[in-house]
Every structure is written in C-alpha cells, then in structure tokens.
Amino acid sequence: MPDRGSRSGAGRSRTAIILGVLFTGTFVMGCAEMLVAGMLDLMAADLAVPLSAVGALVSANALGIAIGGPLLTFLTARLGRRPVLLAALAVFTGLNLLPALGAGLETFIAARLVIGAAEGLFIAAAITTATSIVPRELTGRAMAVVISGFAVSGAVGMPLGRMLGDAVGWRVSFGAVVLAAAVALLLALFVVPPVPAESEVGMMGQLRFAFAPRVLAVLGVGVLLFAGSSAAQTYLVPFMEGVAGISGPWIGVCLMGFGIAAAVGSFGGGRFADAGAPRALILGAIFVAASLIAMVFWGANPVVAVIALLGLGMCGAGVTSPWQHRVEHLAGPGAILAAALPASAGNLGDAIGAFSGGQAIDIGGIPAALVTAVILATVSIAAAIASRSLRPAVSSQTAVSRQPEPAMDH
C-alpha cells in the first residue's frame, strides 16, 4: 500500500512522479480522442465514406466511456487498482494499432467502443490511485492532475493530430498514438505502486452506494452543466465567424486559447475542490452561465467574445475536479465504482448539449443555441445549490470519502 501521508522530500518526489505518469496516461488517451476530431475530413476522403460515417468514431468512443467504463469498473471493483490500470492501458494501446495496420471503418468503430470502455476504466483506476498516495487534504489536487491530462490534450491534441495527418497521413498518426501509449504503459508498469481495492462493501454494495439518490442528484448537476457548456462549445467556430466576426487564422488562435484556458482551469479546480467541493461546484456553474450570458448579449463584440470564450473554457474545465470530488465523497463506500461515473455522466451531458444546440440552431441560428446553453447552465446553478446540503450515509475507508468536506460548505 502506498504511503499516503509521507511529507519527506523523497516521498513528495515519488508522489509527483506517480501523478505525472497517471497524467501522461490520460493525456495520451485525450490526444487519441482529439486526433479523430481533427482528421475527420482526411479519414472520410481516404475511406471514401461520408463525413457523418467517420463521425461515428467519436460517438462510439463516447458511448464506450459512458457505458463500458462504469461496467468494467464494477466488474473489477475487487481487484487492485494497479493491474486494472495496466490492463486498461494495454487494451487501449493494442486496439489503437488497428487503424495504423489498415483496419476498415467498421472494425475501427467497434474497436472505439472497447477503447472508450478501457478509457473509462483507466480514469477511475487512475483517480483512485492518485488519491491513495496523497494526504487527504490534497485529494482534489490529485484528482485534478489526472483529469487535466484530458484538458491539456484538448489544447494540443487536435492541432497536433491535424499536422500529423496532413504531413504523414491519418493512419501513421495513430501509429504515433500507439507509440505514446506504449511509453505510458511502460512508465506505469515501473512506477505505479500496488493499490488494494479497499472497500467496506462488496460489489453489490458498490452499486448501492454509487447509485444512491444523493450521488445521482450531484451527477445530474454535472450533466446539466456539461450540457450547457457543450451546447455552446460544439458550435464555437460558427459563433466566432457568424456572431463575433472573427475569421481566418484568428479562429485557430482563439481555439488554442480556449484549450489553454481549459487546461489552466482544470489544474486550478483541484485547489477549489480541496477547499470546498460543494461551493466550488456552485461557483463554477455561476461563472459558466455568466460566460454564456456574455456571449448571448455582447458576443458581437470580438473582445467580449474572446474573454467569454476563455471564461467558458477555464470555468467549464475547472468545475470537473470539484464535481468528481463531490460524487466520490457522497458515494462513501461505493467510491471505487463512483470514480467512473462523472466521466460517464459528462459524456451524456456533452451529447445532450450538442443535440440541443443543433436543434436550436435549426430553429433560430447560433443565438438560439447560446440561449439554450444559458438555460441549461442556469438550471445547473439551482441544482448545485439544492444539492449542497447532501451528505454521505456513512463514512468510508476510501481516499476521498474518509475526508469530510470543509465546514464552511456545510
């Protein structure tokens, strides 16, 4: 069992290295997701299929995370986190080799379902591992390091993927993903310590506590908030071109800025989670809604539009760690399974937001999508406030749930 409370220089260095390896794993997985989004047109042209057919790769990955991640986490709840984490990385690495070796679209879509499930399993195992090696008052920051791998990949994964695709072809780009994933797997093999699956309850107990009404209520807050963000984020380029009057290379600059802001917010969110997750969740929802409102009323001003975009990226990503912290805390003894649920619920929220925004655009254009985003985010504020008083039924021996949330948020 790793030494949770070590504060010596060597102990802190060892902890930092382990967290760095876990960050590397989520970063590589996030880059693989962004790779597809950045090369949809290249893949469609090479495979001679419609763009929508290649888009199924994105949907398959999201579906795998949303359903397969929690399912695999449940089935492996009694196992140590280290072998689970290594197995998830190995599956991810092996299946991403298929497109590099010439697999067709149908095979790759099926593989992306399993890749998504492995990704969801890795996220849960990595977060449990990260929170087990730090003092309890730093669990939010440990979560943030793992989660931030995805945020950072959002800033660099898509542009890097596009450059690789243009330079060497999309299949070779997946070869680069496999190489990076293999490095992450080797690092994890030599660095990540054994972490027993400590729990007061068995597998059915995990289900009961992880899906308790109080946990589902907070998961619902995140679904609403992610849906609101996604209803706007999915259509950022049309917003910049059609509303803010931003065009040409400045669109790429703004998207890069959005990704960097998200990465900064993701790392910073861990500190707010440690200071008080319920309050951080409420404030995050308020600032996301404020950014969206600015886009609705003053988005025609390019300066305001850029500031709002940066705020949306930073606050939308910054709320992820407090949300994760809150869910695991409320799950109590079911925290091992609950660790997989925010990623699942977040993907559901993204899908709802993208669909709702698209329907709104058909009715009233980009402004209608932004209004839809504001409504969803505003409802999430009310839901976050209503959920603030929720408490776990019992104390837990898991890393997060044993730590009471600060009294200032009670």
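The values are calculated or read from the model by the stated rules, or taken from the named source; none is laboratory data. Source: prediction; values computed, not measured. So basically every Cβ, Gly included, is an ideal-geometry build from the backbone, and we count neighbours across all protein chains shown.
What to note about this one:
- Residues satisfying the stated conditions in the stretch 33-54, i.e. acidic (Asp, Glu) and surrounded by fewer than 16 Cβ atoms within 10 Å (Cβ to Cβ): Asp41, Asp46
- Of note, Val21 does not satisfy the criterion of being outside any helix (DSSP H, G or I) and of a type in the set (A, V, I, L, M, F, W, C).
- Which listed residue is in contact (Cβ under 8 Å) with a residue 24 or more places away in the chain and surrounded by fewer than 17 Cβ atoms within 10 Å (Cβ to Cβ), from Leu89, Leu57, Leu79: Leu79
- Cβ separations smaller than 9 Å between residues 6+ apart or across chains give the following pairs from the stretch 100-122 residues that are under 27 Å from Ile336 (Cβ atoms) and assigned by TED's automatic domain parsing to the domain that holds Ser52 to residues that are buried (at least 17 other Cβ atoms within 10 Å of the Cβ) and of a type in the set (Asp, Glu): Gly116/Glu33; Glu119/Glu33.
- Of all residue pairs spaced 6 or more apart or on separate chains, those with beta-carbon atoms under 6 Å, a first member in the stretch 133-153 that is in the same structural domain as Arg12 (by TED's automatic domain parsing) and within 14 Å of Gly20 (Cα to Cα) and a second member that is at pLDDT 90 or above and outside any helix (DSSP H, G or I) are Ala142/Val134.
- Helices (runs of 4 or more DSSP H) completely within the stretch 69-134 that count 2 or more residues being farther than 22 Å from Ser344 by Cβ, of a type outside the set (Gly, Ala, Ser) and over 17 Å from the mean Cα position of the chain (by Cα): 81-100, 105-132
- Flag if Glu137 is acidic (Asp, Glu), assigned to a helix (DSSP H, G or I) and crowded, with 22+ Cβ neighbours inside 10 Å: no
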